[in-house]
1. So, in Å, what gap is there between the alpha-carbon centers of the stretch 205-232 and the stretch 254-278?
2. Let's test the formula: R0 of 30 Å, r as the Cβ-Cβ distance of His252 and Leu315. What FRET efficiency results, to the nearest 0.05?
3. What list of ³J(HN,Hα) couplings, whole Hz, do you get for the stretch 273-282 from phi and the Karplus terms 6.51, -1.76, 1.60, once you set θ to phi - 60° and write x for glycine and proline?
4. Amide H of Trp111 versus every other amide H placed in the peptide plane: which residues, excluding those fewer than 5 positions away on the same chain, fall under 5 Å?
5. Considering only protein heavy atoms and a probe of 1.4 Å, how much of the accessible area of the stretch 111-270 is carbon and sulfur, as a whole percent?
6. Please list, in order along the stretch 71-81, the HN-Hα scalar couplings obtained from phi with the Karplus expression 6.51 cos²θ - 1.76 cosθ + 1.60 (θ = phi - 60°), rounded to whole Hz, x for Gly and Pro.
7. Taking only Cα atoms and a 10 Å spring cutoff, compute GNM fluctuations for the chain and point out the largest among Pro150, Pro13, Pro165.
8. Would you mind getting the Kirkwood hydrodynamic radius of the stretch 2-107 from its Cα pairs, rounded to one decimal in Å?
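The values are calculated or read from the model by the stated rules, or taken from the named source; none is laboratory data. Just so you know, these numbers come straight off a predicted model, no measurement behind them. Every residue, glycine as well, gets a Cβ built from its backbone with ideal geometry; the counts of neighbours run over all protein chains shown. Quick note on the areas: whole protein, heavy atoms, side chains included, nothing else; ligands and nucleic acids left out. Shrake-Rupley method; radii C 1.70, N 1.55, O 1.52, S 1.80 Å.
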Amino acid sequence: MKLRRCTVVMLEPREQVQFDLQAILQGRTELATNTTWFALAGHLNQPVEISAAQRELIGTLSPRHWVAAGELPADGTVWQPLLDAGLLIADDEAHAGPRARDEALRDMHWWPLSALAHRHARWQGVDSAADMRANDLVTAKGLRRQLGAPPPAVHEYPGQYEPLPPAISGDYDQLLERRTTCRNFDAGRSISRELLAQLLQRTVKAQAVVQVEADTEFLKKNVPSGGGLHATETYLLVQRVDGMEPGLYHYHPVQHALIGLPRRCGRPLQEVARAMLSGQDWFADAAAHIVLVPRFARTYWKYRNHAKAYRALLLDVGHISQALYMAATERGMGAFVTAAINEVDTEEAFALDGVTQSPVAIVGVGWRGPALETAEFDPNHVVWTLG
Ligand SMILES: Cc1cc2nc3c(=O)[nH]c(=O)nc-3n(C[C@H](O)[C@H](O)[C@H](O)COP(=O)(O)O)c2cc1C
């Protein structure tokens, strides 16, 4: 068996602070610190605790050149746990899984720090709503109580600011004023298929296909995209759309068409949505959830090992979400976007591998319910009129 180290790995010393038990027994309260090393790999979901000898070994191995296990400068007690954890890659059949994930990451030309930031920020089974409630971080007052005052809302330079003329308010301004994140969907009301189609047409549909070569196409859309690559895929969890079977779908931006995807578990869709949304029940009743999923290889085809490429992908997702907000608002619907998602649960629901495609945000659309039960940020009472 030959071994190499994985392609993207960062070694992190983490200081842990604990009460010093010895000191406490002697009547003193002192804090003891100890440093533990962790290896964070671009193809692994979890950091792996490593010893000093393992840290040294990782530092001596190449991600490209294979070494026979017998020739490693450390014995099996050192390298075997690294192999088991996936930090070392082996050339044999038994370790084909981690090898394939590592090769997929390498072949996509991720910038290493972006690969680590994306992979290690993914959540599984997190209930962010429960966490916020438990920590009194739900309301603005609660945030102030727990965290103190935030930095000021406006950064001001000293001196006199020159007033700008107010623009005459038109239809577009009124549309913008009505855009408010919806947290009160009507769980009993569906949207029409035509409405869903229009939202997709206005935001993620290809308005033109530019053929550069037989195998090289660029899409024109109504949203901007880094490098013009439009690498973000649109997946849907449809709960209540007239004439559509509730379920999971993928949108084809050139055909302007949907295909149903197999369900991988028997859980009710609302439960799947809630899990994807990390417990945010105020969003779960949207008629349709639109999951925005970068297909990294397309952007990194142009921006290889590029420090800005991942940022461009995140910005692309932001543009799409704003366009969806506006399209929904224009038709009188509510919309939300959230980045507080359980990426791993979402990947499992849609059978995404999490390496080549992984969700960044979820947008939901639907009709608002009759009552404001969860707070919305509508200080001018444009959406929820007084009385
Ligand atoms: C990137 C991003 C992530 C967001 N994530 C959440 C979220 O997890 N939960 C939530 O209730 N709202 C979320 N929102 C909505 C914001 O809370 C909302 O935009 C903000 O409070 C301002 O309100 P408005 O959109 O109604 O103007 C998110 C918005 C953005 C742009």
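1. Each part reduced to its Cα centre gives a spacing of 26 Å.
2. Plugging the Cβ-Cβ distance into 1/(1 + (r/R0)^6) gives 0.80.
3. Residue by residue, the stretch 273-282 yields 4, 4, 5, 4, 8, 6, x, 6, 5, 5 Hz.
4. Here Asn305, His306 satisfy the definition.
5. Carbon with sulfur: 55 percent of the solvent-accessible area.
6. In residue order, the calculated couplings are 9, 5, x, 6, 8, x, 5, 8, 7, 4, x Hz.
7. Between Pro150, Pro13, Pro165, it is Pro165 that shows the largest mean-square fluctuation.
8. 15.2
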